[in-house]
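Take a look at the structure below.
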């Protein structure tokens, strides 16, 4: 009897308003977990200095993007500031089939699309800031953001936060370490869900037959 | 804004065949977690030496037990070797309302009854032994069990194990420490479920209004 029970991977979605700490939580998760990988999006926007094609994004042209939509090859897609962004379906499905988990850093609109495409595989976590004051502080501490940008982001955050009821779990990010531990618990628990452990039927059959 | 978001408690059910390690896991959970308490059953069987009324069981007579059934005061009940056992509803509901979690060490029949009575509050975990050989070893190591009793328990275990598909989570108990950590993750995750954090609506409202 083999030690590990074959398992179907899951799609872990983290959403939050900008400044709630989602990016730090994602990085810590990816660092600590070999069975979790970030989904790499396709985009029509130009590559920025420092970005690596295939790691940060797959950079494609508008025609290719349109074709991917038409062929149903994207799990979700959105237009932001005139550029298109999308999540290719095939690599995600490959991961899930081989028992690897995929992390998504997407907003509520992307989450809604993924929920429609793949409800059973989705684990959706919403990250909240501990207070408005703290959110504002975090947005202000980003040196490049002007007062106007901060105000705009606060308004956008209020809008984003209205979608918390569409998520399975909610984590209030009071400190990074606790929040990372909480999302890790969610990941650990969801991996133990009966319906993801696709090898259980065979395992219990062997147990019951005394092997 | 208060630090902790008001939460509804949950009912954590652990079921397993005898010998799979459920009792050790339960004890470790209760030792490590101040917000988790064991449900105390009522029973019509006589108190045994060493047992404490109100801690191990509430000892009541058959007439009282019948009245509790008729009044719908039991979440589940069963007859075992001529004695009745049941879970009183009121203390569990008090705990859930005040955000405390309740642990149940019950079999698949009790779990089915609780699922009918309180689906949304139930988190059902099935514990499996790593192998038939290990299960037999554990049952044999209990000095008081004769060969016939071990054989009977192995048959009963096979029967009990057939009910794993009725549970939310399945943990294969290869070593106690890992299994305890896994059930603790399940508990931690389930506490973060959006629909148990009943104070979230108010919390997000305050966040969005900039308080």
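Scanning segment B:198-206 turns up no residue that is within 22 Å of residue A:195 (Cβ to Cβ) and surrounded by 17 or more Cβ atoms within 10 Å (Cβ to Cβ). For segment B:16-59, residues that are at pLDDT 95 or above, more than 15 Å from residue B:176 (Cα to Cα) and within 14 Å of chain A (Cβ to nearest Cβ) total 1. Using the structure shown, decide if residue B:97 is loosely packed, with under 13 Cβ neighbours inside 10 Å, touching a residue at least 12 places away in the same chain (Cβ under 8 Å) and over 20 Å from residue B:16 (Cβ atoms). Yes.
Listed by position, the helices (runs of 4 or more DSSP H) enclosed by segment B:131-211 that each have at least 2 residues that are out of contact with any strand residue (DSSP E or B) (no Cβ under 7 Å at 6 or more places or on another chain) and more than 10 Å from chain A (Cβ to nearest Cβ) are B:132-140, B:147-161, B:176-191.
Within segment B:151-167, being more than 30 Å from residue B:100 (Cα to Cα) and surrounded by fewer than 17 Cβ atoms within 10 Å (Cβ to Cβ) holds for B:151, B:152, B:155, B:156, B:159, B:162. Residue A:101 passes every criterion in (1) modelled with pLDDT under 95; (2) under 29 Å from residue A:194 (Cβ atoms); (3) away from every other protein chain (no Cβ under 14 Å) apart from (1).
Per-residue answers, yes or no, for (1) part of a helix (DSSP H, G or I); (2) touching a strand residue (DSSP E or B) at 6+ places or on another chain (Cβ under 7 Å); (3) surrounded by 14 or more Cβ atoms within 10 Å (Cβ to Cβ):
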| site | (1), (2), (3) |
| --- | --- |
| A:42 | no, yes, yes |
| A:47 | no, yes, no |
| A:63 | yes, no, no |
| A:69 | yes, yes, no |
| A:78 | no, yes, yes |
| A:87 | no, yes, yes |
| A:104 | no, yes, yes |
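For segment B:119-130, filtering for residues that are in contact (Cβ under 8 Å) with a residue 60 or more places away in the chain and outside any strand (DSSP E or B) leaves 3.
Pairs linking a residue in segment B:1-13 that is part of a loop (DSSP other than H, G, I, E, B) to a residue that is surrounded by fewer than 19 Cβ atoms within 10 Å (Cβ to Cβ) and modelled with pLDDT under 85, with Cβ atoms under 7 Å and 6 or more positions apart or on different chains, are B:1/B:211. Against the conditions (1) within 14 Å of chain A (Cβ to nearest Cβ); (2) touching a helix residue (DSSP H, G or I) at 6+ places or on another chain (Cβ under 6 Å); (3) more than 30 Å from residue B:136 (Cβ to Cβ), residue B:6 satisfies every one except (2). The residues listed here are A:117, A:124; of these, the one that is touching a helix residue (DSSP H, G or I) at 6+ places or on another chain (Cβ under 8 Å), closer than 29 Å to residue A:101 by Cβ and more than 13 Å from chain B (Cβ to nearest Cβ) is A:117.
The values are calculated or read from the model by the stated rules, or taken from the named source; none is laboratory data. Remember, predicted model here, so these are calculated numbers, not experimental data. Counting neighbours? That spans all protein chains shown, and the Cβs are built from the backbone with ideal geometry, glycine included.
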